[in-house]
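Before any comments, here is the structure.
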Amino acid sequence: MPSDLEQRPYKLYRSGPKGLKARLRGEDDELDGPVEYRRYKGGRERGPGTGRRFTPKRVILGVVGVIVAWLLLSLVLFLISAQTHSGGPLVAAAEPQLSSGGPMLTSANTILILGLDNRPSTGSGSKEPGANFSEADANTDTIMLWRVGGGVSRRLSIPRDTLVNIPGHGQAKINAAWAYGGPALALKVIKQFTGLQINHLVVIDLANFPKFIDDIGGVTVKTGRVCSTISGGAAKGGYTLNLSPGVHHLNGTQAMVLARTRENTCNPSSNDLTREAAQQQILNSIKSQLLTVHTFFHLPWAAWDAPGVFQTDMGGLTLLQMFAAAEIGGSAPPSLLSETNSTYNGQDVLIPNQANVQAQVSKLLNG
């Protein structure tokens, strides 16, 4: 009778790769004879030449890896762009008027946002009649105080036509302080007017503002009837914006025009306060748009263009803290000063109520 050993079937396995010494002796990696299937744990079998199979786990890990790489690319581009655009003569002149603040993720800071009325020398808006191309001689069309960090995000707009005392120049509109003495004087006047210490400065560059808005897919705002013609309208090198009452999704140029609109021929009651409310709506919509699918797929472009929208004393890491703190703090409703229409030296101005100023500043600080 044949023995059990002769009847027992055997499976041949492929050996592991030979070492260097074995190869020098002429030994081959392959075994003679057929190579059968190998049985793995769980009953699965794999034969020669069979690669790894796709599984839900591997697909999920691959997707997560792509997302992480996309976010890291966007972060690197943002930090490089922020470093390129940081500082500058405007910020350097303002720094003596700034007070140090704590980390924005854990403590509230007060940031002054200024939007200048200068125009780009080329491209969209460069042919506006009477356009001012100099930052040094500009007026501040937008003046907004932002209290952000430590779980809060509150804003207070100061109308550009607010009548204040400008040291060395007497009574004048608050937006003229920059033209008289640059960012240092503008900061000094706003601190004097509000009694606030300001930690950081952001100067918005309107020339790059539309591009960034387009990167994130536009902004959504709710308006009344808007009939805006700026600098003679589009036909004369300016801008035209017509909106019906309701919710609108605006592109970059439309958002910029709305942010600049003070005179609305469809609503004669519109004024500087109306414009400040629109600007705060736009800022809230930008925050909301940052978390959309469109922005995610365009994140590297938005990350690269964002620092070019403004000049600031903040570096890249501090700016990242600001954006994160803004998302954590949420979107506060627009907060505006209550002022009275008047005239001064032949100009339309807004007369502030000091009690209202103090109340709004207290609300900004304490909620």
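Every number here is computed from the coordinates shown, using simple stated rules; none is lab data. On a predicted model such as this, the values are computed, not experimentally measured, just so you know. Ideal geometry is used to build each Cβ from the backbone, glycine not excepted, and the neighbour counts take in all protein chains shown.
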Problem set entry | Three-way shape call for the range 186-332 based on the alpha-carbon gyration tensor, with the a/c threshold at 1.5 | oblate
Seminar exercise, completed: Rounded to one decimal in nm, the spacing of the 7 Å Cα→Cβ label points at Asn345 and Ser100 is 3.9
Exercise. Length gain on complete extension for the stretch Ala235 to Lys222, per 0.36 nm per residue less the alpha carbon to alpha carbon distance?
Worked result: 2.0 nm
Seminar exercise, completed: Along the dipole axis of the range 174-320 (charges at Cβ: +1 for Lys and Arg, -1 for Asp and Glu; origin at the Cα centre), the most positive-end residue among Val247, Gln289, Gly308 is Val247
For this session: Using only alpha carbon pairs under 8 Å that are at least six residues apart, calculate the relative contact order of the range 148-303 and give it in whole percent.
Result: 21
Seminar exercise, completed: Rounded to whole angstrom, the alpha-carbon centroid of the range 170-224 lies from that of the range 237-263 at a distance of 19
For this session: Give the distance, in whole Å, between the Cα centre of the range 265-280 and the Cα centre of the range 301-367.
Result: 16
Exercise. By how many nm would the segment from Val293 to Ser244 lengthen if fully extended, with 0.36 nm per residue of separation less the alpha-carbon distance?
Worked result: 14.9 nm
